[in-house]
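K.L.:
Structure in C-alpha cells, see below.
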Amino acid sequence: MYKAAVIGDYDSIYGFAALGLDVWPTGDDPSETAHLFRRLCEDSYAVIYITEALAETLESEIARYRTAPLPAIIPIPGVSGNTGLGLRHVKRSVEQAVGSDIIFNDKNG
Amino acid sequence: MAATHVNPTRMELTRLKRKLQTALRGHKLLKDKRDELMRQFLELVRENKALREKTEKALHSANQNFMLARAGMQEEALNTAMLAPKQEIQIETGVRNVMSVEVPVFHVTTRTPDTNDMFSYGFAFTSSDLDDAVQSLAACLPDLLRLAEVEKSCQLMAAEIEKTRRRVNALEHVVIPQTQESIKYITMKLDENERSTQIRLMKVKDMMLEEAHHYKDASL
C-alpha cells in the first residue's frame, strides 16, 4: 500500500495535511533537502508532489526518477506563484517523444 | 561495396538473406508499435496539459485562501489545527499495459469512508477562512491524483517512444541498407566467379581438343 507525500516550504504545503497527504516541510539547508527528497523517493510513496520552487533546485534528482515506474514526481505551484516548471516538464516529454514540440506551439509562438 | 567485410560465400549469402528478412519484419512491427504509441501518447499528453492548467489554477486560488487563513489566525492555533490529520490517503497501484509500456494506475482509498470528512480541528478556535481553504484544496485533490497518473504515464511513454524511434531508424537507415548491399556484393561476386569458371573450362576444353586432334596444325 502506497502513500502520497508533499514536499516544499511549509507555507505552500501545510494545507495538504488536512487531506491526508504526508507533509514534509523543508528547511533552508539544500543538502538536507536533497537528502530528504531522496529518502522519500525510496520510501513507499507512489506520488510525491513538490513545489515548483523546490523542484527547480532538485532538477537532476527528479530527472533520475523520470523513467522509474514509481514514484511519480509532480511539480505543483507554491505560494510564491506559478513558474511554469510543471508545463515545461510536460513539454519536455513531448519533445522527447515527437522530436519537436507540437502541443505547445500555438501558445508560445 | 559493403561497408563491412563479408565473405563472398553461399553460406554467408543465405545467412544475410535470413537476416534481411528478420530485419524487415522487425522494422514493420516496430514502426507499427511506434505509430500506435504516438497516437496514444498524444491523446494522453493533451489530457495532461489540460489537467495541469486546470489544477494549477485551482491550486493557485487554494493557496490564496490559505494565505488569507494564515493571515487571520495565530500561527500556533493554525499549527495545532493541522497537527493531527484525520484523513489519510492510501494509494493502491496497478499496472496498465500500453503497447508493452507499463504505466501505473492509482486507486485511492481514504481512511474514513466520507471523503468530505477532512477537518481535523474543532471549529471553535479556527477561522472560517481555513475551512474554505481546506475545502478548496480538497476539491482539486481528485484532479491532482489523476494528474500524477497521467503525467507519469506520459513520461514513461515518451521514453519508450524515443527508444522505439531510434530502433526503427537504425533498422531503416543502417541495418537494412547495409544487409542489402552485402547481399548484392556477394551475389555479384558469386556470379563473377561462375563466369570465370565457365570461361576457364571453355579454354581448357579448347586446349585439350587442340592437343588431341592437332587442330592448330590443321588450321595452319
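K.L.:
Take the residues of region A:12-58 that are of a type in the set (A, V, I, L, M) and in a strand (DSSP E or B): which is surrounded by the fewest Cβ atoms within 10 Å (Cβ to Cβ)?
P.N.:
We begin by selecting, within region A:12-58, every residue of a type in the set (A, V, I, L, M); these are A:13, A:17-19, A:21, A:23, A:34, A:36, A:40, A:46-48, A:50, A:53-55, A:58.
Restricting the remaining residues to those that are in a strand (DSSP E or B) gives A:23, A:46-48, A:50.
Numbers: A:VAL23: 19, A:ALA46: 25, A:VAL47: 28, A:ILE48: 26, A:ILE50: 27.
If we take residues in region A:12-58 being of a type in the set (A, V, I, L, M) and in a strand (DSSP E or B), then A:VAL23 is surrounded by the fewest Cβ atoms within 10 Å (Cβ to Cβ).
K.L.:
Could you please give the count of residues in region A:41-55 that are more than 14 Å from chain B (Cβ to nearest Cβ) and more than 9 Å from the chain's Cα centre (by Cα)? Steps first, answer last, please.
P.N.:
So the first thing to find is which residues in region A:41-55 are more than 14 Å from chain B (Cβ to nearest Cβ), and the list is A:42, A:54.
Narrowing the set further to residues that are more than 9 Å from the chain's Cα centre (by Cα) leaves A:42.
Matching residues across region A:41-55 total 1.
K.L.:
Scan (1) aliphatic (A, V, I, L, M); (2) part of a helix (DSSP H, G or I); (3) away from chain A (no Cβ under 11 Å) for the single condition B:ALA124 breaks and write down its number.
P.N.:
Here B:ALA124 meets the rest and fails (2).
K.L.:
In addition: Quick one: count up the residues across region B:101-114 that are part of a strand (DSSP E or B) and either facing chain A (nearest Cβ under 7 Å) or in contact (Cβ under 8 Å) with a residue 60 or more places away in the chain (or both). Steps first, answer last, please.
P.N.:
Of all residues in region B:101-114, those part of a strand (DSSP E or B) come to B:101-110.
Checking the rest, the ones that are also either facing chain A (nearest Cβ under 7 Å) or in contact (Cβ under 8 Å) with a residue 60 or more places away in the chain (or both) come to B:101-102, B:104, B:106, B:110.
Selection size over region B:101-114: 5.
K.L.:
Moving on. Quick one: count up the residues across region B:137-152 that are more than 9 Å from chain A (Cβ to nearest Cβ) and in a helix (DSSP H, G or I).
P.N.:
Of the residues in region B:137-152, the ones more than 9 Å from chain A (Cβ to nearest Cβ) are B:139-140, B:142-143, B:146, B:150.
Subsequent filtering for residues that are in a helix (DSSP H, G or I) retains B:139, B:142-143, B:146, B:150.
Residues meeting the conditions: 5.
K.L.:
Would you check which residues across region B:68-100 are under 45 Å from the mean Cα position of the chain (by Cα), more than 10 Å from every other protein chain (Cβ to nearest Cβ) and either surrounded by fewer than 13 Cβ atoms within 10 Å (Cβ to Cβ) or assigned to a strand (DSSP E or B) (or both) and list them?
P.N.:
Scanning region B:68-100 gives B:GLY94, B:ARG96, B:ASN97, B:VAL98, B:SER100.
K.L.:
Sticking with this structure for a sec: Could you tell me whether A:GLY8 is in contact with a helix residue (DSSP H, G or I) (Cβ under 8 Å, 6 or more places away or on another chain) and in contact (Cβ under 8 Å) with a residue 60 or more places away in the chain? Show your work before the answer.
P.N.:
On the way: in contact with a helix residue (DSSP H, G or I) (Cβ under 8 Å, 6 or more places away or on another chain): yes; in contact (Cβ under 8 Å) with a residue 60 or more places away in the chain: yes.
Against the criterion (in contact with a helix residue (DSSP H, G or I) (Cβ under 8 Å, 6 or more places away or on another chain) and in contact (Cβ under 8 Å) with a residue 60 or more places away in the chain), A:GLY8 qualifies.
K.L.:
Something else now. Considering only residues that are within 14 Å of another protein chain (Cβ to nearest Cβ) and not aliphatic (A, V, I, L, M), which ones fall in region B:168-183?
P.N.:
Initial filter on region B:168-183 (within 14 Å of another protein chain (Cβ to nearest Cβ)): B:168-169.
Within region B:168-183, B:ASN169 is the sole residue that qualifies.
K.L.:
Step by step: first the residues of region A:69-83, then only those that are under 12 Å from A:ILE48 (Cβ atoms) and part of a loop (DSSP other than H, G, I, E, B), then the one that is farthest from the other protein chains (Cβ to nearest Cβ). Which residue is that? Break it down into steps so the answer makes sense when it comes.
P.N.:
Initially, region A:69-83 is screened for residues under 12 Å from A:ILE48 (Cβ atoms), giving A:70-76.
Cutting the leftovers down to part of a loop (DSSP other than H, G, I, E, B) gives us A:70-71.
On the way: A:LEU70: 6, A:PRO71: 8 Å.
It comes out as A:PRO71.
K.L.:
State whether one or more residues within region B:59-66 are surrounded by 14 or more Cβ atoms within 10 Å (Cβ to Cβ) and outside any helix (DSSP H, G or I).
P.N.:
Checked region B:59-66: no residue is surrounded by 14 or more Cβ atoms within 10 Å (Cβ to Cβ) and outside any helix (DSSP H, G or I).
K.L.:
Same structure, new question: Six or more apart or on different chains, Cβ under 7 Å: which pairs go from a residue in region B:36-61 that's more than 16 Å from B:ALA159 (Cβ to Cβ) to one that's hydroxyl-bearing (Ser, Thr, Tyr)? Could you list them?
P.N.:
Final answer for the pair search is B:SER61/B:SER136.
K.L.:
Answer yes or no: is there a residue in region B:60-68 that is over 29 Å from A:THR83 (Cβ atoms) and among the aliphatic types (A, V, I, L, M).
P.N.:
We begin by selecting, within region B:60-68, every residue over 29 Å from A:THR83 (Cβ atoms); these are none.
Among the residues of region B:60-68, not one is over 29 Å from A:THR83 (Cβ atoms) and among the aliphatic types (A, V, I, L, M), which makes the answer no.
Every number here is computed from the coordinates shown, using simple stated rules; none is lab data. Computed from a predicted structure; not experimentally measured. Every residue, glycine among them, receives a Cβ derived from its backbone with ideal geometry; neighbour counts consider all protein chains shown.
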